[in-house]
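These notes are about the structure you will find just below.
Values in this text are rule-based calculations from the coordinates and carry no lab data. From a predicted model like this one, the values you see are computed outputs, not experimental measurements. Positions of Cβ are generated from backbone atoms using ideal geometry, with glycine treated the same way; all protein chains shown enter the neighbour counts.
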Ligand code: UD1
Ligand code: MG
């Protein structure tokens with residue numbers, strides 16, 4: 001669709017959000033509001049996208065991917081004024097300009113495709129997408145004549161009591177002929193209750209010139225939902241969450257209690273995995289078959305294999321192999337990588353470490369900046385002392401080593417294959433393979449020391 005360009009309006013402050021963030025940078029379903037709109041536009045086959053930014057312009061630009069054209073609207077003088085700012089970056093070949101508001105995360109790509117299709121078929125000068133709402137309060141109303149033809153769009157603040165009863169509303173989504181749009185925008189006047197340049201008045205200007213304006217009254221009620229408040233943000237969050245859970249259940253995932261399960265739409269989970277209550281799975285996470293996750297776990301930007309068990313644990317930016325068993329109360333920090341069949345037990349923290357197949361770190365340990373070979377057993381209370389106050393240092397534990405309980409491994413240090421450290425040792429020197437390293441004072445025995453005292 002090389003002749004279509006989308007203009008996404010995202011310059012507004014969102015006064016009713018009472019926020020330092022520009023409105024479109026609030027997240028819902030794990031994604032910025034405006035990203036939902038950008039994605040819907042691109043799924044509708046429109047890859048050329050112009051963003052009109054103003055409030056928090058730098059933040060918006062930094063937070064989104066490249067590949068968009070940006071224009072700055074320095075002062076927010078209304079939706080018509082916003083679209084006019086885009087004129088300079090729209091090319092001659094782009095005959096159709098689609099306009100979409102950046103605060104409508106539920107708008108579907110299907111409606112956008114059909115809008116373009118309709119606009120092309122009818123060869124209208126403009127086509128507007130409308131919806132019928134149970135409660136139209138706050139939206140621009142579609143005023144039609146006795147034959148059902150569009151007369152104008154009237155904003156809530158300018159509407160008469162009669163007009164306020166109209167339940168057909170403007171979704172703020174349109175297709176325009178480029179030349180007609182920009183010439184009409186120059187004729188806009190801010191003579192309305194808000195003193196703004198309303199994009200909606202472009203339609204009246206075109207109608208007055210006897211140019212055809214088409215109304216496509218086919219948006220679903222929910223699609224029309226623009227986010228203006230935190231209440232609406234929470235309502236959409238709940239809705240998107242339900243949609244994601246529905247999708248996962250359709251794909252064969254068991255979710256014990258959808259009310260208390262929070263999964264981003266970006267997450268992929270294979271069939272026969274079971275999610276227990278109070279579990280959060282976020283970001284770019286991918287999970288295999290037959291896992292059991294939760295209760296009370298959080299998994300972010302991680303990849304888990306098949307048959308992984310996670311209880312009451314937090315996993316961030318990590319990779320976990322098949323058949324691993326994690327928790328309760330484990331904390332996997334970024335760049336942790338577990339091979340198949342690793343056990344990470346209670347109160348164990350791992351950071352930037354690789355752990356080989358079948359190794360066990362069952363209780364009360366900190367393992368950071370470490371490379372742990374396969375078949376290693378790390379005793380309770382072991383700590384890699386990886387930080388000297390200035391630099392971080394690596395620890396290497398080779399295949400089959402046995403680290404005694406409460407060992408301190410002062411990095412940089414290497415424990416050779418099948419070596420053993422005695423419980424309670426503070427290991428500061430490398431241990432050769434198959435050896436035993438004990439570093440603690442000899443136990444003294446003072447006979448009968450407590451005999452008198454206990455009498
Ligand atoms: C607008 C429509 C209304 C429609 C509703 C649908 C107008 C005059 N009204 O009203 O008919 O029912 O959307 O949600 O168009 N923006 C800018 N620059 C500005 C003003 C707004 O970029 O100067 C952006 C906002 O960031 C937002 C979008 O345009 O993303 C819509 O603005 P908003 O103030 O929410 O318009 P509504 O009052 O909702
Ligand atoms: Mg709005």
Report task. With label points built 7 Å along Cα→Cβ from the Cα atoms of residue 399 and residue 186, find their separation and express it in nm. Result -> 7.8
Report summary line: Restricting to Cα pairs under 8 Å and 6 or more apart, the percent relative contact order of the chain works out to 8
Requested in this report: Give the Cα extents of the chain along the principal axes, in whole Å, largest first.
Outcome: 109, 46, 41
Query raised in the report: Which value results for Rg/Rh of segment 4-224 when Rg is the Cα radius of gyration and Rh the Kirkwood radius based on the inverse mean 1/r?
Result: 0.93
Query raised in the report: Taking only DSSP H segments of four or more residues, each worth -39500 (n - 2.57), what value at 222 nm results for the chain once the sum is divided by all its residues, to the nearest 500 deg cm²/dmol?
Result: -5500 deg cm²/dmol
Query raised in the report: Can you give the Kirkwood hydrodynamic radius of segment 32-98 from its Cα pairs, in Å with one decimal?
Result: 12.8
Query raised in the report: Which percent, to the nearest 5, of DSSP beta bridges fully inside the chain are antiparallel?
Result: 20
Query - Using distinct alpha-carbon pairs, which all enter the 1/r mean, Kirkwood radius of segment 371-444 in Å - result: 12.0
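Considering only DSSP beta bridges where both residues belong to segment 4-224, give the percentage that are antiparallel (nearest 5).
Values: 18 of 38 bridges.
In segment 4-224, DSSP labels about 45 percent of beta bridges as antiparallel.
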Query raised in the report: With contacts defined as alpha carbon pairs under 8 Å and 6 or more residues apart, what's the relative contact order of segment 87-189 in percent?
Result: 38
